[in-house]
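Below: one structure, written as structure tokens.
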């Protein structure tokens, strides 16, 4: 079972689930009914479990090239298990990995249909975009934008569960915010952490194509944009979110994104990239705690 959980990067996946929870509470302003909440949690867990597994299934050939002879980079603490990339390390068969993905993806499809049939296009789009993202690894650094969209699909789906007809302008604002967080706090730092392995296989990531100076600048700009855009999220909520909310959002962004982002921008050290990834991975959890407090106090 440990190999299956490593395939789906379960620790990271559980942290990611907090972001759809935050989005749903922000837009709805209160907790949904228990049946909806239970099915939504199972569906979100299934979706993230399937999608992370698919990433490793599609990229197994490249991963074996990257880690031939040396094994996976120890990397960031969120994904530091010795069982990372279990298929590439031949600790799990490709067939079992595909079966694992298929089971959880089917659960996600059934759960999405039960919650809102209009979620099905989102669930279907996710593995297609993830496949495109993986196939662009040696093609173009612009794959970061695909990654941003993929990461935003979970929160968008959560909004559609609680608000069947959301305001498209507000949804676009949320999409932009999520993409900036993914690009600056997750995607580029992860590529930075694996830069030596990626160089061996001819990857086209931002740290490799443009170098650490440009990559650090892009990270910092993306994280500043993330924090700035987050201050506009209150408009989406029926809750009366005033200055205490804005202060909370700003402080979370400062300590989990801007401080480690600036340290990476200044030092260009790989360990700083790993630290930023870890801090940014906690961003959804911190936001979920914040919105939960405001919901309970209202």
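Bear in mind that the values in this text are calculations on the coordinates, not laboratory data. Bear in mind that the values here come from a model prediction, so they are computed numbers and not experimental data. Virtual Cβ from ideal backbone geometry, glycine too; neighbours counted across all protein chains shown.
Centre-to-centre, using Cα atoms only, the range 13-66 and the range 124-165 are separated by 12 Å. Here percent of Cα pairs over 27 Å apart was computed from the coordinates, and among [x] 39; [y] 63; [z] 53 the match is [x].
Kindly provide the helix-only [θ] at 222 nm of the chain, computed as the sum of -39,500 (n - 2.57) over DSSP H runs of four or more divided by all residues, to the nearest 500 deg cm²/dmol?
Numbers: 15 runs with 213 residues, N = 298.
Theoretical 222 nm ellipticity from helices: -23000 deg cm²/dmol.
As a length-normalised measure over Cα pairs under 8 Å and 6 or more apart, the relative contact order of the range 2-297 settles at 26 percent.
When ranked by the protection proxy of mean other Cβ atoms within 10 Å per residue, highest first, what sequence do the peptides 265-271, 175-181, 203-209, 292-298 form? Present the calculation step by step, with values, prior to reporting the outcome.
Details: 265-271: 15.0, 175-181: 21.9, 203-209: 20.1, 292-298: 13.0.
Top of the packing list down: 175-181, 203-209, 265-271, 292-298.
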